[in-house]
Amino acid sequence: MPSGLRGLMIAVMMAALMSSLTSIFNSSSTLFTIDIWKKYRKNASERELLLVGRIVTVILVVISVVWIPILQSANSGQLFVYIQSVTSYLAPPVTAVFVLAVFWKRTNESGAFWGLMVGLVIGLTRMILEFIYPPPRCGVFDPRPSVLRSVHYLHFAIILCALTAGVAVVVSLLTEPPTEAQMKNLTWWTLSVEKATPEIQLQKVSTVNVPSERSKNSLEPEAQDRCSLTSLFCNTQPQPEETPKPRPVHSTYENPFWSRFCCVNAIILMCINIFFYAYFA
């Protein structure tokens with residue numbers, strides 16, 4: 001790779017790494033501040049919450065620096081392999097539960113909870129074994145357990161995803177199904193497609209005070225006396241007010257074609273990524 005292109009690739013990788021780190025630090029500090037600190041300090045001011053968030057971010061940075069030796073000893077110090085392996089141990093349970101919750105109406109809270117718990121426990125167990133039994137060098141006998149020696153971490157991610165989905169399905173079938181009100185607009189099959197509402201004719205309300213019948217009768221003689229000599233130029237008959245044309249309210253209904261088009265493209269891309277994920281393992 002040429003020197004200029006190599007520097008460009010390094011810059012891209014550094015930018016992606018910094019973006020991931022900043023998002024992780026920001027999300028973690030926000031979760032701790034809002035969900036934990038504010039729960040016990042309900043009257044905390046904005047200044048206090050901001051200070052707590054910054055302190056948590058500093059603590060996370062220190063933990064990240066301390067974690068570097070562990071990273072160097074795991075997966076032969078390869079950062080990309082380490083990131084992919086950790087993602088393969090933690091992400092499949094969340095992915096399986098999310099997909100089931102969106103596309104299967106029978107999924108309930110108990111099934112999602114126990115599916116996540118079982119998947120995360122198995123994933124964490126595999127990750128801890130990776131730290132205890134680091135991979136040997138090439139050409140050296142591998143004394144690790146067969147679950148580490150024979151099953152690649154990408155293949156393990158597929159197995160873990162399927163296992164989590166199986167646990168969620170079994171527990172959901174053994175417990176009560178969710179009600180229709182709980183599933184409204186939350187799954188693929190319960191999205192309520194609102195029909196185009198008829199146009200609502202709005203009438204403009206006049207703010208001008210309309211005189212009463214008594215006041216009209218009292219003003220008629222005065223108007224007649226005042227306009228007796230100028231009857232040719234004065235008209236005492238009330239002019240009909242021009243009613244404003246009502247403005248139609250357009251419906252907010254959108255054609256679902258493009259949303260479905262994007263969903264189909266997302267599914268195709270997900271299938272392609274799964275294929276490459278499994279093929280190049």
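The values are calculated or read from the model by the stated rules, or taken from the named source; none is laboratory data. No experiment lies behind these values; they were computed from the predicted model shown. All Cβ positions, even for glycine, are placed from backbone atoms using ideal geometry, and neighbour counts span all protein chains on display. SASA here: full protein model, heavy atoms, side chains in, ligands and nucleic acids out. Shrake-Rupley method; radii C 1.70, N 1.55, O 1.52, S 1.80 Å.
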| Taking N as the number of residues in region 85-193, what value does Rg over Cα atoms divided by 2.2 N^0.38 Å take? | 1.34
| query | So how much slack lies between L173 and F131, counting 0.36 nm per residue of separation and subtracting their Cα-Cα distance, in nm? | reply | 11.5 nm
| request: Place a label point 7 angstrom from the Cα of L17 along the Cα-to-Cβ direction, then list the residues of region 83-108 whose backbone nitrogen is under 15 Å away. | output: 83-84
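Taking the mean number of other Cβ atoms within 10 Å as a proxy for protection, how do you rank 133-144, 97-108 from highest to lowest? Numbers along the way, then the final one.
Working: 133-144: 10.3, 97-108: 17.8.
Sorting 133-144, 97-108 by mean packing, highest first, produces 97-108, 133-144.
Can you send over the carbon and sulfur percentage of the accessible area for region 2-97, probe radius 1.4 Å, protein chains only?
The C+S portion of the solvent-accessible surface of region 2-97 is 72 percent.
Could you report region 118-193's accessible area per residue, 1.4 Å probe, as an integer in Å²?
Accessible area per residue: 66 Å².
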| Over region 1-157, volume per residue of the alpha carbon convex hull, in Å³ | 197 Å³
| note | With 0.36 nm assigned to each residue of separation and the Cα-Cα distance removed, R106 to L191 gains 29.1 nm
| message | Between S27 and V140, what is the label-point separation in nm under the 7 Å Cα-to-beta-carbon projection? | response | 3.5 nm
| request: Assuming R0 = 25 Å, can you tell me the calculated FRET efficiency for the pair F113 and I158, based on Cβ-Cβ distance, to the nearest 0.05? | output: 0.65
| query | Which whole-number value in Å² is the accessible area per residue of region 1-99, probe 1.4 Å? | reply | 72 Å²
